[in-house]
1. Please work out if residue 145 is touching a residue at least 40 places away in the same chain (Cβ under 8 Å), closer than 19 Å to residue 45 by Cβ, in contact with a helix residue (DSSP H, G or I) (Cβ under 8 Å, 6 or more places away or on another chain) and outside the structural domain of residue 75 (by TED's automatic domain parsing).
2. Limited to the stretch 240-253, what total is found for residues that are more than 23 Å from residue 157 (Cα to Cα) and either outside any strand (DSSP E or B) or free of Cβ contacts under 8 Å to residues at least 24 places away in the same chain (or both)?
3. It is to be established whether one or more residues within the stretch 192-213 are out of contact with any Asp or Glu (no Cβ under 7 Å at 6 or more places or on another chain), part of a loop (DSSP other than H, G, I, E, B) and within 17 Å of residue 142 (Cα to Cα).
4. On the given criteria, is residue 152 at pLDDT below 95, farther than 29 Å from residue 84 by Cα and not charged (D, E, K, R)?
5. Determine which single condition residue 26 fails, assuming it passes every other condition in (1) buried (at least 22 other Cβ atoms within 10 Å of the Cβ); (2) aliphatic (A, V, I, L, M); (3) more than 15 Å from residue 199 (Cα to Cα).
6. Quick test for you: out of 103, 124, pick the one residue that is in a strand (DSSP E or B) and within 20 Å of residue 209 (Cα to Cα).
7. Could you figure out which of (1) more than 20 Å from residue 57 (Cβ to Cβ); (2) in contact with a helix residue (DSSP H, G or I) (Cβ under 7 Å, 6 or more places away or on another chain); (3) aliphatic (A, V, I, L, M) isn't true of residue 8?
8. State all residues of the stretch 26-44 that are in a helix (DSSP H, G or I) and more than 10 Å from residue 65 (Cα to Cα); if no residue qualifies, say none.
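The values are calculated or read from the model by the stated rules, or taken from the named source; none is laboratory data. These numbers come from a predicted model, not from an experiment. In this analysis, Cβ positions are derived from the backbone assuming ideal geometry, glycine residues included, and neighbour counts consider all displayed protein chains.
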Amino acid sequence: MKLPIWQVDAFSGRCFGGNPAAVVPLDEWLPDATLLAIAAENNLSETAYLRKAGGDYDIRWFTPSEEVPLCGHATLASAWVVFHRLEPARTRVVFGSKSGPLPVERQGDRLIMDFPVNALEPAPSNDTLLAALGQAPRELFAGWHWLALYEAEAEVRALRPDMAGIVASGIHGVIATAKGDDCDFVSRFFAPAAGVPEDPVTGSAHTRLVPFWAERLGKTTFFARQVSVRGGELWCELLREKNRVQIAGLATLYLEGSIEV
């Protein structure tokens with residue numbers, strides 16, 4: 001079976017920046033084992049699969065080791081493929097997902113995603129995680145992804161976490177964040193339990209980061225950077241009345257072709 005594939009660098013206006021995601025459109029879902037095997041073969045933090053559903057698309061996301069319920073950068077990459085390859089006349093698409101409907105609009109070069117807010121709560125003590133991070137955060141918050149707040153951007157950039165220690169902590173993923181030097185806030189994201197030691201740019205993390213920083217900065221619109229080696233830029237807005245977060249970014253094509261399975 002021959003399947004089309006695109007690889008897109010999300011949250012970056014240049015090739016080799018941002019977060020690379022593979023996008024594979026399907027006529028019907030393949031067995032989960034096959035979807036996972038393709039994602040493992042691609043060896044990217046996420047592979048997104050699309051299936052036509054009425055006038056829009058259903059979407060699923062796989063890391064090299066598991067399916068996840070939400071992925072921002074692979075949704076951005078998927079929207080780029082819809083707008084530039086599958087249906088170039090479109091300016092809006094809604095992806096049906098395990099996290100509900102996810103609209104994406106094309107406004108110039110930016111693609112604007114609309115995601116549900118994800119909440120955080122004060123974290124219980126986790127000495128294993130603190131040891132794994134190496135540098136103790138100012139505050140720690142829990143959720144499906146935990147959040148570690150640091151005093152300064154330089155501390156976030158300097159982190160060299162023990163990935164085995166994060167896995168041993170039992171936490172699926174950890175967001176490290178601080179106020180930015182030339183932006184509203186910076187972050188990094190570590191999810192070794194999901195097969196992603198450090199994710200270059202993480203849209204889904206901003207469903208927690210944006211409401212978190214809205215409380216601390218007293219504003220609802222943000223320019224953020226993810227300060228991984230590849231780096232990425234995100235324009236975000238908290239829609240309080242809808243309990244949603246808009247996350248916008250650029251995307252750049254790296255590869256298009258086909259795979260055989």
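1. Details: touching a residue at least 40 places away in the same chain (Cβ under 8 Å): yes; closer than 19 Å to residue 45 by Cβ: yes; in contact with a helix residue (DSSP H, G or I) (Cβ under 8 Å, 6 or more places away or on another chain): yes; outside the structural domain of residue 75 (by TED's automatic domain parsing): yes.
Spelling it out, residue 145 is indeed touching a residue at least 40 places away in the same chain (Cβ under 8 Å), closer than 19 Å to residue 45 by Cβ, in contact with a helix residue (DSSP H, G or I) (Cβ under 8 Å, 6 or more places away or on another chain) and outside the structural domain of residue 75 (by TED's automatic domain parsing).
2. 4
3. Checked the stretch 192-213: at least one residue is out of contact with any Asp or Glu (no Cβ under 7 Å at 6 or more places or on another chain), part of a loop (DSSP other than H, G, I, E, B) and within 17 Å of residue 142 (Cα to Cα).
4. Working: at pLDDT below 95: no; farther than 29 Å from residue 84 by Cα: yes; not charged (D, E, K, R): yes.
The answer is no for residue 152.
5. (1)
6. On the way: 124 fails: in a strand (DSSP E or B).
Selected residue: 103, the only one of 103, 124 that is in a strand (DSSP E or B) and within 20 Å of residue 209 (Cα to Cα).
7. The one condition residue 8 does not meet is (1).
8. The first filter runs over the stretch 26-44 and keeps only residues in a helix (DSSP H, G or I), leaving 32-42.
Result: 32, 33, 34, 35, 38, 41, 42.
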